Each structure stands twice: as C-alpha cells, then as structure tokens.
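Notes to accompany the following structure.
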C-alpha cells in the first residue's frame with residue numbers, strides 16, 4: 001500500500017540536498033619539504049584546490065557453484081580501493097605554487113643524481129644524456145610517503161543548523177602524476193593543474209558540526225517564532241545603530257478667509 005507523507009516530511013527529507021561546492025582539502029607536507037613550504041604556503045595551496053573526487057571502493061568476490069542445486073553464490077574475499085585520487089588546483093600567477101610544490105615532491109622521490117655520489121671532476125647535470133634517477137625508500141623520516149595528513153572534508157554551508165560532515169583520510173599518499181597543462185594564444189582561461197595522488201586505502205568518518213549551545217537554543221526559538229531569523233537579524237545589525245525618529249507635532253493648515261469680490265457698476269453711454 002502506498003505511504004502518505006505530509007508537507008513537513010517532504011521539506012525535511014527532499015528540500016535539503018547536499019551540494020558539491022562545499023569541501024575542504026588538507027595537503028600534507030613531508031619532512032623533506034617542510035623547510036621550503038611552511039604552514040602559510042600550505043594553506044595557500046589548499047585554498048587553490050578547485051575540484052576533487054570523493055573516493056570509492058568495491059568488493060572482489062568469487063563464485064561458488066554446485067553447493068546447492070541450481071544456485072550460484074558470491075562470497076567476498078577482498079575490498080578493492082580506487083588506486084588514485086585526482087586533485088585540481090587553480091595556479092596562482094608568478095609563484096605557481098601547486099606546480100612547484102608537487103614537482104619538488106616528485107623530484108625528491110626520484111632522488112636526482114646530483115645528490116648521489118659523484119665522480120670527482122665529472123659531476124652529472126640534468127642536461128647530460130647519462131643522467132639517472134635513484135628512487136628513495138617510501139617509509140621512515142626521510143621517506144616520500146605521507147602516512148597521514150591527506151584529507152578531504154565534505155560539509156554544507158549551514159553549519160549552524162547542526163548535522164555533520166564526512167571526512168576522508170588517506171593512508172600512505174604521494175603524488176603519482178602531474179597531468180599536462182596546455183597553453184595557447186587563444187582566448188585566455190584559468191590555468192589549472194591536476195595531480196593524481198596514490199594511496200593504499202581511505203578511512204571515512206562522519207564528524208558532527210554545528211554551533212554552540214546558545215546558537216542551537218536561538219535556532220529553536222526561531223523555529224518557535226520567538227526571535228527573528230538569524231540571517232535577517234545579522235543584516236539589521238550590520239547596518240549599525242538606527243536613530244529613533246523624532247516625534248513631530250502636527251499643525252493643521254490655516255484656511256484663509258474668503259474675500260468678497262468688488263462689484264463695479266456698469267457704465268451707461270448716452
């Protein structure tokens with residue numbers, strides 16, 4: 001039998017969808033790059049992130065036949081995570097922080113030859129044909145993996161109304177690829193840098209958000225109709241003090257006395 005819903009149920013369940021434009025990304029900085037990139041630069045790079053994909057996973061199964069006549073069963077034997085997460089950044093003019101940061105991270109992973117043991121008198125340069133790379137060890141204090149720190153938080157703009165947010169934590173993350181960025185003499189557009197980060201698994205946690213107890217009590221009073229809407233009240237407060245209007249004394253208008261017309265007798269010509 002079909003169920004019936006009232007208007008309040010429809011508003012509460014259908015008219016508050018989650019949006020895609022409210023999220024936050026935390027980019028970790030490994031120990032080797034902490035001297036060059038401080039917290040302020042890290043915050044700038046995080047704010048430049050314009051697009052990210054929330055990760056997913058699937059279950060690997062195997063088929064079991066002939067245990068029951070005519071029945072094929074599937075049993076799970078492994079959880080498979082996505083092998084990467086793509087982050088897209090706006091590139092700031094002049095400093096190009098997203099590009100330089102991830103290029104430095106990848107350059108540290110590959111351990112350039114000029115930082116290795118050199119033949120006396122014949123140092124290798126990047127322009128040399130026999131230049132080589134030596135990969136670093138992933139773990140440890142000098143490793144290139146960020147065991148913790150890469151996070152994506154999905155939230156909504158009405159945090160004061162309570163609810164929650166989703167926090168995705170990625171384990172053993174490091175940059176896997178920097179996508180090419182075409183430039184041309186055509187109409188100018190924003191330069192974006194897309195980086196693919198590798199990880200072994202993610203952990204998703206639902207965290208509670210919302211204002212203080214006073215904020216929640218004010219929201220309840222608004223719902224009961226005792227106070228103004230907080231947004232409208234904030235707009236009124238932003239206008240500053242409103243002067244109280246002065247009381248005006250109403251004076252009735254003065255009606256002038258009518259003046260009788262002057263009658264001129266007619267002139268008779270003989």
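Quick one: would you say residue 21 is modelled with pLDDT under 90, surrounded by fewer than 16 Cβ atoms within 10 Å (Cβ to Cβ) and under 20 Å from residue 166 (Cα atoms)?
Numbers: modelled with pLDDT under 90: yes; surrounded by fewer than 16 Cβ atoms within 10 Å (Cβ to Cβ): yes; under 20 Å from residue 166 (Cα atoms): yes.
Yes; evaluated as a whole, the condition is true for this residue.
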Residue selected from the stretch 51-79 under the condition in contact with a strand residue (DSSP E or B) (Cβ under 7 Å, 6 or more places away or on another chain) and outside any strand (DSSP E or B), by the criterion surrounded by the most Cβ atoms within 10 Å (Cβ to Cβ): 55
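The rows are residues; the columns are (1) exposed (fewer than 12 other Cβ atoms within 10 Å of the Cβ); (2) in a loop (DSSP other than H, G, I, E, B); (3) in contact with a strand residue (DSSP E or B) (Cβ under 7 Å, 6 or more places away or on another chain).
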{"site": "144", "(1), (2), (3)": "no, yes, yes"}
{"site": "152", "(1), (2), (3)": "no, no, yes"}
{"site": "166", "(1), (2), (3)": "no, no, yes"}
{"site": "183", "(1), (2), (3)": "yes, yes, no"}
{"site": "202", "(1), (2), (3)": "no, no, yes"}
Options 92, 82; residue that is in contact (Cβ under 8 Å) with a residue 24 or more places away in the chain and under 20 Å from residue 171 (Cα atoms): 82
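The values are calculated or read from the model by the stated rules, or taken from the named source; none is laboratory data. This structure is a prediction, so every number in the text was calculated from the model and none was measured. Here the Cβ is made from the backbone with ideal geometry for all residues, glycine too, and neighbour counts use every protein chain on show.
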